[in-house]
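Novice: Take this structure first; my questions come after.
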Amino acid sequence: MKQLVKFCKDFLLFVPITFLFKPFTKAFLFIAYFNKLVSWIRKHKHEFEFNDYYTPVRDYNKRYQLYEFVQKRNAKADEPLIYLEYGVAAGESFRWWLQHNQHTDSRFFGFDTFEGLPEKWGSFYDKGSMKFSMPEQTDTRGTFVKGLFQDTLPGFIRENRDLLSSQARKVILLDADLYSATIYTLSQLYPTLRKGDVILFDEFSVAMHEFKAFLEFTGNFYIQLKPLGAVNNFYQVGFEVA
């Protein structure tokens, strides 16, 4: 059987009849990852302490309910916090965390190109979509970092190694939409993660992007993320580093 499998694979390399299915590659990939998403939800939905599944209509303001749950359970308002947000857009989430944690030692960093998406996202958002100006910032604890994550994150980690390795809890919000941005950010932050840190996904149920990045990150880095809360049918999801 092993020899037959090797023969078939080599034959298909030489006579690529699988090209007949090339026009359907994206559709096959989407179905595969969507089924992985459905299976994952069915397996893990009962592990979440806070969950609205199932609701027929999304309410994006529910993300603040998730933030409140995480803050009360994990990231206490009176404790120092390191907040890292990837995909700032208009800055609503960034402002929420600034306003709800007043500890003087807390630090808040928002990463964004502020020039829109660097590549196409799904069927409706082209490169350059969702462009926002850098929000006004008066709280000296907050800093925005402009540019592609692939360009800005390595230097940021080097320059802030002591801060990132401190005892302060990290809350990481992944809201960059794209698979490429999400998997890159997770892989770079991995060495800085400590037990108790929180990772929030803002488009977790987008199968070919944030969910795909989540699967690859947890699988390839052998890291356990404990489910905390989910809203909007797993569109926004929070985990704790176990």
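Novice: For the chain, calculate the relative contact order in percent as a whole number, restricting contacts to Cα pairs under 8 Å that are 6 or more residues apart. Numbers along the way, then the final one.
Specialist: Numbers: 374 pairs, mean separation 55.2, N = 242.
Relative contact order of the chain: 23 percent.
Novice: Among residues other than Y83 whose Cβ falls under 10 Å from its Cβ, what is the net charge (Lys/Arg +1, Asp/Glu -1)? Spell out each step's value before the answer.
Specialist: Working: positive: R107, R141, R169, K170; negative: E85.
It works out to a net charge of +3.
Novice: Relative to the compact globular guide of 2.2 N^0.38 Å, what is the alpha carbon radius of gyration of segment 105-178, as a ratio? Intermediate results must be reported in sequence, preceding the final value.
Specialist: On the way: Rg = 14.1 Å, N = 74, 2.2 N^0.38 = 11.3 Å.
Its radius of gyration relative to the 2.2 N^0.38 Å reference: 1.25.
Novice: Among DSSP beta bridges whose residues both lie in segment 83-242, state the antiparallel percentage, nearest 5.
Specialist: The answer is about 40 percent antiparallel.
Novice: Kindly work out what percent of the DSSP beta bridges joining two residues of segment 168-242 are antiparallel, to the nearest 5.
Specialist: Details: 10 of 14 bridges.
Here the share of antiparallel DSSP bridges comes out near 70 percent.
Novice: For the chain, what is the convex hull volume of the alpha-carbon atoms per residue, in Å³? Working shown, then result.
Specialist: Numbers: hull volume 39.6 nm³, N = 242.
With only Cα atoms used, the chain gives 164 Å³ per residue.
Novice: Also, quick follow-up: Return the distance in nm (one decimal) between the two label points of a simple spin-label model at V38 and M1, each offset 7 Å from Cα along Cα→Cβ.
Specialist: Between V38 and M1, the simple spin-label model gives 2.8 nm.
Novice: Can you give the angle from 0 to 90° between the axis of helix 25-44 and the longest principal axis of the chain, with both taken from C-alpha atoms, to the nearest 10?
Specialist: Between helix and principal axis, roughly 60 degrees.
Novice: Quote the charge dipole size of segment 97-242 about the Cα centre in Debye, to the nearest 20; the model charges only the Cβ of Lys and Arg (+1) and of Asp and Glu (-1). It would help to have the intermediate numbers written out before the result.
Specialist: Details: 14 positive and 18 negative charges, 82 e Å.
It works out to roughly 400 debye.
Novice: For an R0 of 25 angstrom, estimate the FRET efficiency from the Cβ-Cβ distance between L163 and E47 and round to the nearest 0.05. Don't skip to the answer; put the middle values down first.
Specialist: Values: r = 31 Å, r/R0 = 1.26.
So the FRET efficiency works out to roughly 0.20.
Novice: Rounded to the nearest 10 degrees, what's the angle between the helix 149-159 long axis and the longest principal axis of the chain, both from Cα atoms, 0 to 90?
Specialist: 50
Novice: Hey, if you put +1 on the Cβ of every Lys and Arg and -1 on every Asp and Glu Cβ in segment 22-143, which of T138, F111, Y53 ends up farthest toward the positive end of that dipole?
Specialist: Y53
Novice: Continuing with this model, one more query. Putting +1 on Lys and Arg Cβ atoms and -1 on Asp and Glu Cβ atoms, find which of W121, A89, Q102 reaches farthest to the positive end of the dipole of segment 68-147.
Specialist: Of W121, A89, Q102, it is W121.
Novice: For E136 and Q65, compute 0.36 nm times the residue count separating them, minus their Cα-Cα distance, and round to one decimal in nm. Intermediate results must be reported in sequence, preceding the final value.
Specialist: Working: separation 71, 0.36 × 71 = 25.56 nm, distance 2.45 nm.
Answer, rounded to one decimal: 23.1 nm.
Novice: Quick one: angle between helix 179-189 and the longest Cα principal axis of the chain, in degrees between 0 and 90, rounded to 10, please.
Specialist: Value to nearest ten degrees: 60.
Novice: Here's a follow-up. Filter K45/K127; K72/K170; K26/K212 down to the pairs with a C-alpha to C-alpha distance above 24 Å, please.
Specialist: Pairs exceeding 24 Å: K45/K127.
Novice: Given the -39500 (n - 2.57) contribution per DSSP H run of 4+ residues, what per-residue ellipticity at 222 nm results for the chain, rounded to the nearest 500 deg cm²/dmol?
Specialist: Values: 8 runs with 89 residues, N = 242.
Theoretical 222 nm ellipticity from helices: -11000 deg cm²/dmol.
Quick note: the coordinates plus some simple rules give every number you see, no bench work behind them. Note that the structure is predicted; figures quoted are calculated from it, not measured. Please note: Cβ atoms are built from the backbone with ideal geometry, for glycine as well, and neighbour counts cover all protein chains shown.
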